[in-house]
1. Against the definition (crowded, with 24+ Cβ neighbours inside 10 Å and within 18 Å of residue 119 (Cβ to Cβ)), how does residue 262 come out, yes or no?
2. Does residue 222 meet the test of being crowded, with 19+ Cβ neighbours inside 10 Å, under 23 Å from residue 40 (Cβ atoms) and of a type outside the set (S, T, N, Q)?
3. Six or more apart or on different chains, Cβ under 7 Å: which pairs go from a residue in the range 280-300 that's closer than 16 Å to residue 114 by Cα and in contact (Cβ under 8 Å) with a residue 12 or more places away in the chain to one that's of a type in the set (Ser, Thr, Tyr) and open to solvent by less than 10 Å² (accessible area, probe 1.4 Å)? Could you list them?
4. Conditions: (1) open to solvent by 10 Å² or more (accessible area, probe 1.4 Å); (2) part of a loop (DSSP other than H, G, I, E, B). Residue 83 meets all but one. Number of the miss?
5. Given 68, 93, which one is assigned to a helix (DSSP H, G or I) and buried (at least 22 other Cβ atoms within 10 Å of the Cβ)?
6. Name the single residue, out of those in the range 209-239 being modelled with pLDDT under 90 and hydroxyl-bearing (Ser, Thr, Tyr), that is farthest from the chain's Cα centre (by Cα).
7. Restricting to the range 176-197, name every residue that is assigned to a helix (DSSP H, G or I) and either small (Gly, Ala, Ser) or at pLDDT below 90 (or both).
8. Applying the selection to the range 153-211, what residues are polar (S, T, N, Q) and closer than 30 Å to residue 296 by Cα?
Amino acid sequence: MEDYKKENSVSLSPLRIALLYIGVLMGAGFASGKEIWQFFGVFGGKGIFGIIIISVIFITLGFIIVSIGKALDTGDLSKIIVPFNNQLVENIIGGVVASFIFLGYFSMLAAGGAIAQEQLGIHRAIGSFILMVLVALTTIKGFSRVSARLGKVVPVLLITTLILVFFIITQYYKNISTEQVVTASPLAPNWFISAIIFGSYNLMVAIPILGSCAVYSETEKIAKRGALLGGIFLGTCALLLYFTTLTDPKMAEASPLPMLSLSLKISPVVQTIYSGVLLIAVFGTATSCFYGFCTKLPDGRKKNYFIWISAILGFGLSLLGFSNIVAFLYPIEGYISILILLLMLWNYIRIKCRNR
């Protein structure tokens, strides 16, 4: 472990950490505009206040996670969250968070299957299965392989998404509607609650990756700069996606992948290109989530068997369908995650007071 840290600590620059942070959150739900629409676009013009809140959440809690990870020299999500030494509580919290991260994994498998079915005409189960195999193989190679893969795919995702939203907004900005045209979900009835639960469930999947980044970075300052940069990028992307969905609220509501549908307005070629980008986003988030979940699996010679069993179980759950997962499971996860993040905040305050 120590040799690995010495070998890789300098390579984790603030930009590299930011890209890992973006990669773990900016999956198909985010990059497709579906989550942004469902949690913020449905409120019309008022949704922008929620976007501001989640930007602050991404930056602030990103800071907190890397600070705890560096102070405790751990990427273990249980130790980052729990503010006292109690193995039973750590196991319970770790199990709950691991299940949330696992939800992120199989929801991305579902999204990948939906994209493959829509663009390639193959059954969504086949697309999800292929993605499952790629994710499992990457995870088995460990953190170095996960960080290397995400470091390559995230810039492509980020740049392509920004180019697309720029074209859509500049061409259709006159169509942007600030009226609330649909009824919000009862699980997220207003923009403030939506922002809190959106930020909460997203940060759950970021904890193990950001914690590991803090451990493998040379200094805490580098890790914090990475969290700051990543939070700013994520907030900016959320804002642009929010305005993009408002250029055609009815389509954003009806489509399971709004950005993919909106890209067709530019040209079928652009839609095909962006579907490939979304698959990259799916792979990045699925890999990050699955790696985070697998950090809780028991070490040993049989760990790879447990990884494959978990991967296959997630594939089975992905058959529930992406839209159903986003609509019902994500908000429930968000409410529970609020309590867990409050524990993490307590842990952060405890560590800072101890150091003083």
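1. Judged against the criteria, residue 262 is a match.
2. Taking the combined requirement at face value, the residue does not satisfy it.
3. 286/105
4. (1)
5. On inspection, the qualifying residue turns out to be 68.
6. Checking each candidate, the answer is 219.
7. 194, 195
8. Once the filter is applied, which keeps residues that are polar (S, T, N, Q) and closer than 30 Å to residue 296 by Cα, the range 153-211 yields 194, 200, 202.
The values are calculated or read from the model by the stated rules, or taken from the named source; none is laboratory data. Quick caveat: nothing in here was measured; it's all calculated off a predicted structure. Positions of Cβ are backbone-derived with ideal geometry, glycine not excepted, and every protein chain shown enters the neighbour counts. To get the accessible areas, we keep the full protein, side chains included, count just its heavy atoms, and leave off ligands, DNA and RNA. Shrake-Rupley method; radii C 1.70, N 1.55, O 1.52, S 1.80 Å.
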